[in-house]
Amino acid sequence: MANDGPTPTERFLRGVIPENPVYRQLLGMCPTLAVTGNMKAAMTMSGAVLFVLFCANVITSLIRGLLKPHLRILVFTLTIATFVTIADRFLAAYLYRMSKELGAYIPLIIVNCIIICRCEVCASRQSVPHAAADAVGQSLGFALALASIATVRELLGAGSWFGVQLFWAKGTAAEQYRWSIMAQPPGAFITLGLLLGAAVWIGNSWEKRRKTRAAVREAGEAD
Amino acid sequence: MEYAVGLILIAVSSALINNFVLHYFVGICPFLGVSRRLDTAFGMGCAVTFVITIASLLSWVFTYFILQPGAGVSVAVARLFVTVEDPASVDLSILSYIVYIFVIASSVQFVEMYLRKFFPTLYKSFGVYLPLITTNCAILFACLYIMQKVVGAEEPWGIGQALTLAIFAGLGFTVAIVIMAGIREELDFCDVPGPLKGAGITLIVAGILALAFMGFAGMDRGLERALTADEPPVHKAGHVPEFPPKADVGDNAPRPGNAEGGPR
């Protein structure tokens, strides 16, 4: 049944831009807003989501024959919770400061809609390679979205990128130009809102250009 | 008296200052999804308040008696099988996430069954929102917040503090989602740029709302000083350094207009 759908490569590519979890599907908004104050936190979060989504998708795909319809959400949630516990303990052991900074948002991956949605839509119906490719593609799309928001917020809020001070350094007269609001909650909402608008606008204009080209080609063939 | 002051501070801080939606970004999905109309938004707020209270109560009980290192029940059970020399070595906190998600899912289930049996009208008005709440991060966040305050804290939270946090966090969520729904009902009559329609403009409005809620920052400190002072608070020279540094206030004040108006 898995063979007539998209191949693993297509699944992988689809997750990155055309079905981007944040900009296209509006999933997983809580971490998207909460951990994008700087690039380091955003990338750690993406790594944790990649690990959890990959493991949960593979396990769900392996046991898809055994799932009972009315219990499947519970099974998904418990599988995810197990892997989130592993990721949380790993971060606490090896990246202690980052784990403190991310705080409750690592355990909140359990209720992240991206993972439950991918388990439900993809992994519970397809073979392991499909599910694995889908997990990596979706996580890359998520990482890309997080990176775009975190770049804007960190550049405007602190004048740095990945912790490297580029301009508006602390202690200099230029520090006053920082948009301190960008490092705070309202900045997250406004940045995401504007980027979402930009994504929709770019998507629409691509779609329009593609249609015009197709129409021109059709007209050419008709002649 | 000190206990009551503590409760009031927890209440104010969880409902207004550190509003779950606008400060911690939890519960964003219903905040964006169910805020189109005022009455459904209010229903969602009530349902969340209801479930968050029950789930927090249960998770406090589980954390305090079973999950925390050296918890009474786990130590007693462990003593049945092995000799336990150091009670703190019995530590089940690694299971906490699984237990919490189980508690939330089952309490939503039970609340649903109870309401359907005894309050059919209320059940009908909640509709599909009740099962949706299982995956609402606000509930899990409240459980985790309480765990953080119980496990390894100097003064572990009692059940009173946990309940206060839960109820007022739920109320704060209700306030935020109702304000949002009120604004969105008016937005229907506005000419919003095409690409921003829907989620985009809602997020920007939420940002401006979060900006307004930032005005509550520091309210807890003032309230604490007013409530715990032996003599009625009078303006003395000694007060000045206790306030947040002037530079901080001056730094934030002109920015909002800049951030709102700049990118448009």
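At-a-glance table
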| quantity | calculated |
| --- | --- |
| Subset tally (residues that are within 10 Å of chain A (Cβ to nearest Cβ) and not polar (S, T, N, Q)) for segment B:18-44 | 12 |
| Segment A:172-216, subset of a type outside the set (S, T, N, Q) and part of a loop (DSSP other than H, G, I, E, B), residue nearest to the other protein chains (Cβ to nearest Cβ) | A:179 |
| Residues that are among the acidic types (Asp, Glu) and surrounded by fewer than 18 Cβ atoms within 10 Å (Cβ to Cβ), drawn from segment A:81-133 | A:101, A:120 |
| Meets criteria (within 14 Å of residue A:21 (Cα to Cα) and out of contact with any Lys or Arg (no Cβ under 8 Å at 6 or more places or on another chain)) for residue A:136 | yes |
| Helices (runs of 4 or more DSSP H) wholly inside segment B:97-189 containing at least 3 residues that are more than 13 Å from every other protein chain (Cβ to nearest Cβ) and of a type in the set (Gly, Ala, Ser) | B:159-187 |
| Some residue of segment B:75-82 being away from chain A (no Cβ under 14 Å), out of contact with any Leu (no Cβ under 6 Å at 6 or more places or on another chain), in a helix (DSSP H, G or I) and within 25 Å of residue A:31 (Cα to Cα) | no |
| Failed item in (1) assigned to a helix (DSSP H, G or I); (2) touching a Cys at 6+ places or on another chain (Cβ under 8 Å); (3) at pLDDT 85 or above, with residue B:29 passing the rest | (3) |
| Segment B:190-206 - residue that is within 11 Å of chain A (Cβ to nearest Cβ) and either acidic (Asp, Glu) or outside any helix (DSSP H, G or I) (or both) and, of those, farthest from the chain's Cα centre (by Cα) | B:193 |
| Search result, residues across segment B:39-59 that are of a type outside the set (A, V, I, L, M, F, W, C) and farther than 16 Å from residue B:109 by Cα | B:39, B:40, B:43, B:45 |
| Residue list for segment A:146-171, restricted to those being of a type in the set (D, E, K, R) and part of a loop (DSSP other than H, G, I, E, B) | A:170 |
| Total residues in segment B:111-156, condition under 20 Å from the mean Cα position of the chain (by Cα) and surrounded by fewer than 17 Cβ atoms within 10 Å (Cβ to Cβ) | 4 |
| Residue that is farthest from the other protein chains (Cβ to nearest Cβ) [pool: residues in segment A:79-97 that are hydrophobic (A, V, I, L, M, F, W, C) and within 17 Å of residue B:148 (Cβ to Cβ)] | A:91 |
| Residue match in segment A:56-65 (condition: within 14 Å of chain B (Cβ to nearest Cβ), surrounded by 16 or more Cβ atoms within 10 Å (Cβ to Cβ) and either more than 27 Å from residue B:108 (Cβ to Cβ) or within 13 Å of the chain's Cα centre (by Cα) (or both)) | no |
| Test: residue in segment A:145-155 that is more than 14 Å from every other protein chain (Cβ to nearest Cβ), touching a residue at least 60 places away in the same chain (Cβ under 8 Å) and surrounded by fewer than 20 Cβ atoms within 10 Å (Cβ to Cβ) | yes |
| Lone qualifier among B:47, B:15, B:4, B:11 - being buried (at least 24 other Cβ atoms within 10 Å of the Cβ), away from every other protein chain (no Cβ under 14 Å) and of a type outside the set (Phe, Trp, Tyr) | B:47 |
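The values are calculated or read from the model by the stated rules, or taken from the named source; none is laboratory data. Worth saying up front: this structure is predicted, and the values here are computed from it rather than measured. Using ideal geometry, Cβ is built from the backbone for each residue, glycine included, and neighbour counts are taken over all protein chains shown.
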